[in-house]
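The values are calculated or read from the model by the stated rules, or taken from the named source; none is laboratory data. Predicted, not measured: the structure shown is a model, and the values here were computed from it. Positions of Cβ are generated from backbone atoms using ideal geometry, with glycine treated the same way; all protein chains shown enter the neighbour counts. Ligands, DNA and RNA are stripped out before the accessible areas are found, and what is left, the full protein with its side chains, is counted by its heavy atoms. Shrake-Rupley method; radii C 1.70, N 1.55, O 1.52, S 1.80 Å.
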Amino acid sequence: MFVLGKNTLSIQRPFFRTFGLRLQFLPDQPMSFKHFFSVKNNKERGIRLTILTGFGLVIMLSLFIAGWTYYHITSLGNAAENLFIANYRSIQYVHAMEGTLDSYKDMLISGIPDQAEIVSQDKRFRSNLTLEFHNITEVGESETAHAVEKSYSILYGSLKQWISSPSELSKESILSGLETVKSQCETLLLLNEKAMFMRADAAKGDAQFARTSSLIIICLLIGASIILAFGVSRRSLAEFRQLDRAKSNFVSTAAHELKNPLSSIKTSAGLLLDKIPGEITSKQELLLTNIKKESERLLGTVKDLLDLAKLETGNLQLVKAPTSVSTFIESSLFPVMLQADKVGVHIDLQIAQNVSKVNIDANKLSWALTNLVSNAIRYSPQGGQILVSASEIDNEVWVSVKDQGKGIPPAELERIFEKFVQVEEAAYGGGIGTGLGLSIAKEIVQLHNGRIWADSEIGKGSVFTFTIPKNS
């Protein structure tokens, strides 16, 4: 169980008490789990509030511009309706009435009266005039329509007389009346046409204003969004970095303080197993073996955590030097050869000729390659083979580690380089890792401006490849 004191964090286990051991580690600044997570939660709430406030303002501005645009579109629609419906209808009615007057004129010129035609045209004229009275929209339009009605009544009376007793004198009088009514119709026509042009100019002005104002508001919205995004991201990024730094420091401190006690436990268990203090029973030997094995596993986890903390906090400095690729790979494989021999896995090395030297920190990059090979050994069957190869492609040196393991499901390939991610345990008894080796390898390769990825096929093994630029 965990025991939290004012300035200490202790870990006690039954077998620790058996050997009178108590693990303690003192952080650089006193911090309990409760305090650490309360600070983290407060920061996260602050970040969420900042982000929500920023997005809320952007949404409000977006709604404003949407409302503004809708208003102007509606206004333009209403203007178009007035322009193309009211005035256009009056123009159509006037043209129909002028058509009637033209029919009368043709009849007078031919000198052949047709009473049925006159009655039909009269009905047409009066119908359109009635429609015009119901569509009055402009100043002076009503007075002009009434003048047309009065003049037309006189004209129609003259036409009826001409039908009963045609004469040249009455014909001239009717033609004169026709011109009077037509002139008044033209006045109606000009009134509505002038109104159409005025409304068209007004609609153009409204459209121009709508375009300009909408453009200004959109620019303001974009500017506000950029400012908000910059402010929110800057604050959020700073707070996230602070949280990440606090987490890394916490993990680093905890791992560092655990390392020495675990080493002592491992050493003590080893001494007892070697029977230096005295004879032990078979049951005690089994328990001590388990203690030593688990201590070694925990030490491996602690080492990985310390390595990862160094990478995350930026404390890992590269010391680069031109290095032979073959020398680099051979020195990287040396520490894992014993591990491979224990599980019966054979490691082959294949390096292409004339591979250029690379400017690398050999110790750090060896760390990455060792992790890849260790991972391949863990997931390889007994008697399996691992091929480590190197070649030069374009301006990069490619280093690959190919195994004959079970393979990795396609869904897992995207996330295997994340921290603490592990695929299904190998079916060949290779053991369980910490889920940090690939993440550490990725960080180191990226520090060298390289790339790393994995290709795999279920049942046929996996290939992990990383590249190093020749001129890095």
Report task. Go through L215, L237 for me and flag whichever is surrounded by fewer than 13 Cβ atoms within 10 Å (Cβ to Cβ), modelled with pLDDT under 75 and under 49 Å from the mean Cα position of the chain (by Cα). Result -> L237
Report task. Inspect segment 129-150 for any residue being on the phi > 0 side of the Ramachandran plot and of a type outside the set (V, I, T) and give the result as yes or no. Result -> yes
Query raised in the report: Just checking, how many residues over segment 352-375 are aromatic (F, W, Y) and either touching a strand residue (DSSP E or B) at 6+ places or on another chain (Cβ under 9 Å) or outside any helix (DSSP H, G or I) (or both)?
Result: 0
**Report entry** Qualifying residues in segment 391-420 (those that are charged (D, E, K, R) and part of a loop (DSSP other than H, G, I, E, B)) - the one surrounded by the most Cβ atoms within 10 Å (Cβ to Cβ)
**Finding:** D403
Report summary line: Scanning segment 138-168 for residues that are part of a loop (DSSP other than H, G, I, E, B) and open to solvent by less than 60 Å² (accessible area, probe 1.4 Å) gives E138, G140, S167
Query raised in the report: Yes or no: K283 at pLDDT 75 or above and at positive phi?
Result: no
Query - Of residues in segment 81-132 being in a helix (DSSP H, G or I) and of a type in the set (D, E), the one farthest from A147 (Cα to Cα) - result: E81
Query raised in the report: In the list S103, S158, S90, S120, which residue meets the criterion of being touching a Gly at 6+ places or on another chain (Cβ under 9 Å), among the small types (G, A, S) and modelled with pLDDT of 80 or more?
Result: S158
Query raised in the report: Scanning for something assigned to a strand (DSSP E or B), at pLDDT 85 or above and more than 14 Å from W367 (Cβ to Cβ), does segment 445-453 turn up at least one residue?
Result: yes
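Residue-by-condition table, conditions (1) open to solvent by less than 10 Å² (accessible area, probe 1.4 Å); (2) part of a strand (DSSP E or B); (3) free of Cβ contacts under 8 Å to residues at least 60 places away in the same chain:
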site	(1), (2), (3)
T327	no, no, yes
E330	no, no, yes
M337	no, no, yes
Q350	no, yes, yes
I377	yes, no, yes
I386	yes, yes, yes
S389	no, yes, yes
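Residue by residue, here is whether (1) in a helix (DSSP H, G or I); (2) under 21 Å from I136 (Cα atoms); (3) open to solvent by less than 50 Å² (accessible area, probe 1.4 Å); (4) touching a residue at least 40 places away in the same chain (Cβ under 8 Å) holds:
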site	(1), (2), (3), (4)
S170	yes, no, yes, no
L175	yes, no, yes, yes
L178	yes, no, yes, yes
S183	yes, yes, no, no
L189	yes, yes, yes, yes
N192	yes, yes, yes, yes
F197	yes, yes, no, no
A200	yes, yes, yes, yes
D206	yes, no, no, yes
Report summary line: Residue pairs within 9 Å by beta carbon, gap of at least six or interchain, first lying in segment 85-109 and more than 14 Å from D122 (Cβ to Cβ) and without any contact (Cβ under 8 Å) to a residue 60 or more places away in the chain, second open to solvent by less than 30 Å² (accessible area, probe 1.4 Å) and of a type in the set (S, T, Y), listed first then second, are none
